[in-house]
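I am attaching a structure below and will ask some questions about it afterwards.
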Amino acid sequence: MEIKRYGAEGGKGAGGQQLPFARAVQAGGWLYVSGQVPMLNGELVAGNIGAQAEQAIRNLLAVLAEAKYGPEHVVRCGVWLEDPRDFAAFNAVFRRFFGEHPPARSCVASRMMVDCKIEIDCVAFKLEES
C-alpha cells in the first residue's frame, strides 16, 4: 500500500510559522485530513462562529479536493469548538456543507492552539482507482 502525503512540507500557520505536519495523508483509499482552522491567506478570519466555521470547512474541503475526494467521501469529522454555546450555530453551517452526506462526528469544547473559535479534521474513504 502506497502512502501519499499532501503538503508534507508542512505549510504555513499564523504569522508564517512553518508547520511540522502534512495537510493530509492518504493510505489505500483512506484520507486523513489534519485539523483546519478558519485561516485564509495565512491570516485567521475574524468574525462569529458562523464565519469561522464556514472558512474552516472550506479549508477542509479544499484539502479533500486536492486529493480528489469530496464531502460525500467523508466518513468521520472531529470538531473542536472554543465555546460550547456555539454548538447550534456551528451545526447550521455544518449541515449546509454535509447535509446530503452526513458523516459520523464528534464535537467537543476545547481551548484552541490559535486564537480562533473552531478546528475541524476528517477521515475520508473512497475505493482506489485501478
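The values are calculated or read from the model by the stated rules, or taken from the named source; none is laboratory data. Keep in mind that what you see is a predicted model, and the values were worked out from it rather than measured. Every residue, glycine as well, gets a Cβ built from its backbone with ideal geometry; the counts of neighbours run over all protein chains shown.
Which of the residues that make up the range 104-130 are among the basic types (Lys, Arg), under 15 Å from residue 32 (Cα atoms) and over 15 Å from the mean Cα position of the chain (by Cα)? Please lay out each step first, then the result.
Step one: list which residues in the range 104-130 are among the basic types (Lys, Arg), which gives 105, 111, 117, 126.
Still in the running and under 15 Å from residue 32 (Cα atoms): 105, 126.
The one that is among the basic types (Lys, Arg), under 15 Å from residue 32 (Cα atoms) and over 15 Å from the mean Cα position of the chain (by Cα): 126.
Looking only at the range 86-119, count every residue that is modelled with pLDDT of 95 or more and either among the small types (Gly, Ala, Ser) or touching a Cys at 6+ places or on another chain (Cβ under 6 Å) (or both) and tell me the total.
Residues flagged as modelled with pLDDT of 95 or more and either among the small types (Gly, Ala, Ser) or touching a Cys at 6+ places or on another chain (Cβ under 6 Å) (or both) within the range 86-119 amount to 9.
Now for a separate question. Within the range 67-95, how many residues turn out to be more than 20 Å from residue 46 (Cα to Cα), in a helix (DSSP H, G or I) and without any contact (Cβ under 8 Å) to a residue 12 or more places away in the chain? Spell out how you get there, then give the answer.
Keep residues of the range 67-95 that are more than 20 Å from residue 46 (Cα to Cα), which gives 67-78, 95.
Cutting the leftovers down to in a helix (DSSP H, G or I) gives us 71-73, 95.
Still in the list and also without any contact (Cβ under 8 Å) to a residue 12 or more places away in the chain: 95.
Counting residues in the range 67-95 that are more than 20 Å from residue 46 (Cα to Cα), in a helix (DSSP H, G or I) and without any contact (Cβ under 8 Å) to a residue 12 or more places away in the chain gives 1.
If I go through the range 70-103 residue by residue, how many of them are under 15 Å from residue 120 (Cβ atoms), under 16 Å from the mean Cα position of the chain (by Cα) and not hydrophobic (A, V, I, L, M, F, W, C)?
Selection size over the range 70-103: 9.
Another question, then. Is the range 51-66 home to any residue that is in contact with an Asp or Glu (Cβ under 6 Å, 6 or more places away or on another chain), under 22 Å from residue 129 (Cα atoms) and either in contact (Cβ under 8 Å) with a residue 12 or more places away in the chain or surrounded by 16 or more Cβ atoms within 10 Å (Cβ to Cβ) (or both)?
No, the range 51-66 contains no residue that is in contact with an Asp or Glu (Cβ under 6 Å, 6 or more places away or on another chain), under 22 Å from residue 129 (Cα atoms) and either in contact (Cβ under 8 Å) with a residue 12 or more places away in the chain or surrounded by 16 or more Cβ atoms within 10 Å (Cβ to Cβ) (or both).
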